[in-house]
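**Student:** The structure is given below, and queries will be raised subsequently.
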Amino acid sequence: MPIRLLASEVASQIAAGEVIERPASVVKELMENALDAGAKSISISIAEAGRKLIEVADDGSGIASDELALAVSRHATSKLARADDLFHISTLGFRGEALSSIGSVSRMTITSKVMNSNAGARIKVEGGREGKVESMGAPTGTVVRVEDLFHNVPARLKFLKADVTERRAIDALITRYALAYPNVRFKLSEGSNVTLQTSGDGDRRAILAALYGVDVAKQLLEINFEEEGIRLSGFTSPTALTRSNRKDITFFVNGRWVQDTPLTTALIQAYHTLLMVGRYPLAAIFVEIAPEEVDVNVHPAKAEVRFRNQDKIFGFVQRAVRRGLLAYSPVPQVAPSLWGTHNESSQQVGLDWTIAHDESINNEKQSPINAQSTISHEPHLHLEPVQVSTINQIPLLRLIGQIGATYLVAEGPDGLYLIDQHAAHERVLFEKLMAQHDQKKIPSQSLLTPGVVTLPPQSAKALESQLPVLGQFGFEVEEFGTNTFQVRAMPSLFAGSDPSTALHAIVEDFEEDESPLQNEIEKKLAARVCKRMAVKGGQTLSPEEQRALLSDLERCDSPRTCPYGRPTMIHLSVEMLERQFGRKGAR
Ligand code: ADP
Ligand code: MG
């Protein structure tokens, strides 16, 4: 074939492939345009997961009628003039490619009107061919309607995933942007169903509640940090709240959602020693940095950025998050609201807080500058070991008794402790088992009557793959017919427990994609078994058993959480009791 120039429609279609991969990419580009146009309200309608229809309407600045045709042509942008501008860019778009790309792979209609004009105008683009600009009445702002996406690129259509998956990508995208722009109203609807709506009143926690549920949202810790002109704000999970992967870690840099960023690693490292292996935090973090410090032009869909000084920003994120984590009291305290009064913060966030945090933090929230001066003098290396040890210790506790056959009540030098007997026992068993395992001597006990268990095929397969690991943990398990196993011995630690419960525990929640790291698999397995073997809530314990549990817990390395990161105890400080009884303060 001789060399020839591609027809511009073909060139656009090829270029579109980089930017517009799936319906969610269309939503992203149109949403970014609306935000760039200063919209205060953005409504998105979709049909058939965006294949049939994506319509984005905004109340932004609009496009002048005589510029409409230009807006849809390739390399047409109002956001940048010289290559140099790339390093001062404060808009989300700058490539001038989105509208032309979308127009080349769909039937696109843009209707728009600028503020002080009598009429608006409309243009249609089909498979890259532009129609005439027609004048017509319209409200100020822009509506972009995209129908039959990829109708002329069947190969692309084949690459789309199931509707639920494409739909999920759109939902995830819009909620992320809603979080990043809490002062903009977002609305997503499908037919007459409104599936997501934010108020635009700036309340990020309410949006987090829509994204992750109220329960999770109210536990997230708010972080505000500033150092040398870089600002970080957002939310991250307390150590008790974790995920099995890093999918729920979201980073925005200068209002841009960036994925696969090393910042994610920085955040995870901030949790070093605080989370169980294989568990990840959940976070939504917003970084603001001078535009000249970031290169935004490294990815066609602008999903990645590069930092001029990567180490600096890495350290910054790590410090900010670590500091935020340590500042919040690692033992949850009972909120005053539980005792009939309402504190200010619960009104502010509009959610029912059940965990109150160290007061000093609330003060610091208002003045990040203060926070900065206390932290930046502390060399990073020193920070860690000191703080970790205070997090881990629990004071010597004096047992008072058991309530509800579920909680232990104890007194410490600094107030009252309520201990969840199940979570505490889980932690104790886990640390004992792991310690024995690390020394390669797990005392094992043969069973007089072997336990026989038949499992569903899927679980049987999972168990089979774990038989060698089980041996190292003092279990003697052998196959005993199809999908059936026989337990001949168990770790002495679990003496007296039902062997079949142990077997079920070993395979429950076993995730196929679990990390291939041997030591992670072992930890997860130990955690699963200990959870099942621990005393349950509702089980009456003798005073000796209660005391033994407490002193075992005191000896643990991480007594404050169960192996899954849930708290083992709640602390009511003397100070808080005094406040609640009106012994302290103005009265
Ligand atoms: P880019 O965003 O990279 O500039 P686009 O192809 O997305 O390129 O848009 C081209 C131009 O059309 C933008 O620079 C902007 O001037 C205008 N435009 C697009 N969408 C909107 C909108 N919703 N409101 C106002 N102007 C818009
Ligand atoms: Mg754009």
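**Student:** Within a 10 angstrom radius of the beta carbon, how do S135, S192 rank from fewest other beta carbons to most?
**Tutor:** S192, S135
**Student:** Turning to a different aspect of this structure: What list of ³J(HN,Hα) couplings, whole Hz, do you get for the range 426-435 from phi and the Karplus terms 6.51, -1.76, 1.60, once you set θ to phi - 60° and write x for glycine and proline?
**Tutor:** For the range 426-435, the Karplus curve yields 4, 4, 4, 4, 4, 5, 5, 5, 5, 5 Hz.
**Student:** Working only with C-alpha atoms, what are the Rg and Dmax values of the range 439-494, expressed in angstrom?
**Tutor:** Looking at the range 439-494, its Cα Rg and Dmax stand at 11.5, 34 Å.
**Student:** Additional query: Past the 21 Å Cα-Cα mark, which pairs from K440/K536; K218/K302; K432/K531; K441/K524; K40/K79; K124/K158?
**Tutor:** K440/K536; K218/K302; K124/K158
**Student:** Something else: Which value does Rg/Rh take for the chain over its C-alpha atoms, Rh per Kirkwood?
**Tutor:** In the chain, Rg relative to Rh is 1.05.
**Student:** Work out from phi, with θ = phi - 60° and the Karplus expression 6.51 cos²θ - 1.76 cosθ + 1.60, the ³J(HN,Hα) of each residue of the range 276-293, listed in order in whole Hz, and give x for Gly and Pro.
**Tutor:** The phi angles translate into 5, 4, x, 10, 10, x, 10, 7, 10, 10, 10, 10, 10, 9, 4, x, 6, 8 Hz.
**Student:** Amide H to amide H under 5 Å from I400: which residues, 5+ apart in sequence or cross-chain, H placed 1.01 Å off N in plane?
**Tutor:** V409, A410, E411
**Student:** Whose amide H sits under 5 Å from the amide H of T195, counting only residues 5 or more places off or on another chain, with H placed in the peptide plane?
**Tutor:** Placed amide hydrogens put L188, S189, E190 under 5 Å from T195.
**Student:** Then there's this: Using the Karplus equation 6.51 cos²θ - 1.76 cosθ + 1.60 (θ = phi - 60°), what ³J(HN,Hα) coupling, rounded to whole Hz, does each residue of the range 162-172 give in order, writing x for Gly and Pro?
**Tutor:** Computed from phi, the couplings for the range 162-172 are 4, 3, 4, 5, 4, 5, 4, 5, 5, 4, 4 Hz.
**Student:** Which three extents, in angstrom, do the Cα atoms of the range 1-78 have along their principal axes, listed largest first?
**Tutor:** Each principal axis gives a Cα extent; for the range 1-78 these are 52, 33, 16 Å.
**Student:** For L282, which sequence-distant residues (separation of 5 or more, or a different chain) have an amide H within less than 5 Å of its own amide H, given hydrogens modelled in the peptide plane?
**Tutor:** It is S237, by chain and number.
**Student:** Any idea what diffusion coefficient the range 433-587 gets from Stokes-Einstein, in µm²/s, Kirkwood Rh on alpha carbon pairs, 20 °C, 1.002 mPa s? Write down the numbers at each step before the final one.
**Tutor:** Values: Rh = 18.0 Å.
Taking Rh from Cα pairs, D becomes 119 µm²/s.
**Student:** Another question, then. Return the aspartates and glutamates within reach of K312: Cα separation strictly under 20 angstrom, same-chain partners fewer than 8 residues apart disregarded; answer none if there are no such residues.
**Tutor:** Within the straight-line cut-off, K312 pairs with E226, E227, E228, D260, E288, E292, E293, D295, E304, E378, E384.
Every number in this text was worked out from the coordinates using simple rules, so none of it is lab data. All values derive from a computational prediction rather than experimental measurement. Glycine gets a Cβ as well: all are built from the backbone with ideal geometry, and neighbour counts include every protein chain shown.
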